[in-house]
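Read-outs: derived from the displayed coordinates by stated rules, not from any lab. No experiment lies behind these values; they were computed from the predicted model shown. Don't worry about glycine lacking a Cβ; one is built from the backbone with ideal geometry, like all the others, and counts go over all protein chains shown.
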Amino acid sequence: MFTDRQGIVVWLYSLKHAKSLRRFGNVLYVSRKSKYVLLYCNQSDSEFVMEKLSTYSYVKKVAPSYKPFLNTQFENSKPDKAKEYDYKMGI
């Protein structure tokens, strides 16, 4: 039912064309100051979308998000004894 998604960061020369990027996926965030757009698309289509976006003249740079490929299962996540004592004291 749920498909794997991947984020793509698209840096633009001008934000005038940011609205036209909605046809490639879901636009999650538009930064007006840094002039980039964060959009999500299907992971299987991400390579095609990145190649297609890089051909447009208003796109400065395209980069994928590596979050789906990172391991989020941490093995030694035991807190430090000193911090544990501070938390119990309410400091």
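With charges set only on the Cβ (+1 for Lys and Arg, -1 for Asp and Glu), what does the dipole of region 1-50 come to about its Cα centre, in debye to the nearest 20?
Approximately 460 debye in magnitude.
May I ask you to compute the full-extension gain from ASN26 to TRP11, defined as 0.36 nm times their residue separation minus their alpha-carbon distance, rounded to one decimal in nm?
Between ASN26 and TRP11, full extension yields an extra 3.8 nm.
Could you give the length gained by full extension between TYR40 and THR55, i.e. 0.36 nm per residue of separation minus their alpha carbon distance, to one decimal place?
Extra length from TYR40 to THR55 when fully extended: 3.5 nm.
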